[in-house]
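**Q** Let me begin by handing over the structure; questions about it come next.
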Amino acid sequence: MMKRPHELGELRQDPITEKWVVLATGRGKRPDDFAGDSKRHSFNAYKTPKYKDDCPFCNLGKFTQEPDVLRLPDDPERWQVHIFGNKYPAFQPHDELRHWQVGPYRAAEAVGYHEILATRWHNQFGGYASEQLMAMEIEALVLRYRQLQIKQSVNYIQIIKNQGPEAGGSLEHPHHQIFTVPVLPNDISDLLHGTERYAAKNDQKAFTIILDFEKSDGRRIVWENEDFTVFCPFASRVPFETWVLPNKSNPHFESIDSSQQRSLAEAMRQALGRIAVGLKNPAYNYYIHSAPCDDNGFVCDDRLFGNFRWHVSILPRLGQWGGFELGTGLEINTMAPEEAAEFLREQKVPEPVE
Ligand SMILES: [Zn+2]
């Protein structure tokens, strides 16, 4: 095996998407340098009140929301998380999908569901929420996913979280967003085709090879339990990019049972808690990449799922793209994932808020 010849920067390729990143660690940044933003020090989950009168997701009497589609526990008094339609949806819900051809071009109606999962209390930020609450959020996401995936217009479901203003989180109150789209999104198409291409070339599943290698190498592993591995990917696109990957091959997030949901909550708390403490509460985005959910043949081909494995990608927002990144699509990452993982391994997960 070729080793790195000398201490220059390094180009690294993601084996699935075949996309390159630039690892420019020669700039000499230490993990602590990323936690240096003084604005972030003022954020304190323990001093944030449980309820804020001027928050639309706290004061549901004053700021009326769309009706709940799901509550856990399913009780008007005791509920802890709820899901409801976004007041300002990016897509309009509609059960049917109409699509057509214009000469060489394909088009379809932009139909879809755009929903919010919010916690009951304002201070239950990711990494600071209890494991029980995080498990309840995951259970609610799984249950709603199963309800949405059978709708004719739903081909793909994207679950995301934007935490902090730099990550597009316009409201501080902890919430996930659920989007459904009638087409196969570009990045999912890249992942599915990438895993197929990899399997055809290597006669093995890419995620199996990656996980086996990461576990034996160990340098990029942050934390693991029986069901999940938390690690910083080899071709990390941003400093401290962190993935939560199931240990068993499974393309479908919504298929995880209640024991795996609790296990995922534990892994997410470990990942988010270490990022929050180590990097002083940075803004971040995370998203769940899962297999498409449809069989209507418009955009998906079921044969593409077999080699895919669902996972969560967490991307702290510690820098901004410049012209080089926009012009080339090559991301310049100034923190080696090996160093990022070592730093995150050393952090202590915070006590949950009351
Ligand atoms: Zn609130």
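The values are calculated or read from the model by the stated rules, or taken from the named source; none is laboratory data. Predicted model only: the values in this text are computed from it and were never measured. Note that each Cβ is placed from the backbone with ideal geometry, even for glycine, and that neighbours are counted across all protein chains shown.
**Q** Six or more apart or on different chains, Cβ atoms under 8 Å: show the pairs whose first residue is in the stretch 58-70 and over 25 Å from Thr48 (Cβ atoms) and whose second is part of a strand (DSSP E or B) and of a type in the set (Asp, Glu).
**A** From the stretch 58-70, the pairs are Val69/Glu115.
**Q** For Leu97, indicate whether it is buried (at least 18 other Cβ atoms within 10 Å of the Cβ), within 16 Å of the ligand (Cβ to nearest atom) and over 17 Å from the mean Cα position of the chain (by Cα).
**A** Considered against the rule, which asks whether it is buried (at least 18 other Cβ atoms within 10 Å of the Cβ), within 16 Å of the ligand (Cβ to nearest atom) and over 17 Å from the mean Cα position of the chain (by Cα), Leu97 comes out as no.
**Q** Now for a different question. Against the definition (away from the ligand (no atom under 16 Å from the Cβ), modelled with pLDDT of 95 or more, in contact with a helix residue (DSSP H, G or I) (Cβ under 7 Å, 6 or more places away or on another chain) and not aromatic (Phe, Trp, Tyr)), how does Ile221 come out, yes or no?
**A** yes
**Q** Is there any pair with a first residue in the stretch 308-325 that is free of Cβ contacts under 8 Å to residues at least 40 places away in the same chain and a second that is surrounded by fewer than 16 Cβ atoms within 10 Å (Cβ to Cβ) whose Cβ atoms are under 8 Å apart and which are 6 or more apart or on different chains, and what are they?
**A** Phe324/Leu330
This table checks each residue for (1) over 30 Å from Gln204 (Cα atoms); (2) outside any loop (DSSP other than H, G, I, E, B); (3) away from the ligand (no atom under 16 Å from the Cβ); (4) at pLDDT below 90.
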site: Leu8; (1), (2), (3), (4): yes, no, yes, yes
site: Pro49; (1), (2), (3), (4): yes, no, no, no
site: Lys52; (1), (2), (3), (4): yes, no, no, no
site: Cys58; (1), (2), (3), (4): yes, no, no, no
site: Phe63; (1), (2), (3), (4): yes, no, no, no
site: Leu70; (1), (2), (3), (4): yes, yes, yes, no
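**Q** Quick test of your reading of the structure: Thr119 fulfils all but one of (1) modelled with pLDDT of 95 or more; (2) within 16 Å of the ligand (Cβ to nearest atom); (3) farther than 28 Å from Cys293 by Cβ. Name the failing condition by number.
**A** All conditions pass for Thr119, except number (3).
**Q** Look through Ile188, Ile178, Ile160 and report the one residue that is within 16 Å of the chain's Cα centre (by Cα), β-branched (Val, Ile, Thr) and surrounded by fewer than 19 Cβ atoms within 10 Å (Cβ to Cβ).
**A** Among Ile188, Ile178, Ile160, only Ile160 is within 16 Å of the chain's Cα centre (by Cα), β-branched (Val, Ile, Thr) and surrounded by fewer than 19 Cβ atoms within 10 Å (Cβ to Cβ).
**Q** Further question: Within the stretch 163-190, work out how many residues are in contact with a Gly (Cβ under 7 Å, 6 or more places away or on another chain), within 15 Å of the ligand (Cβ to nearest atom) and touching a residue at least 60 places away in the same chain (Cβ under 8 Å).
**A** The qualifying residues number 1.
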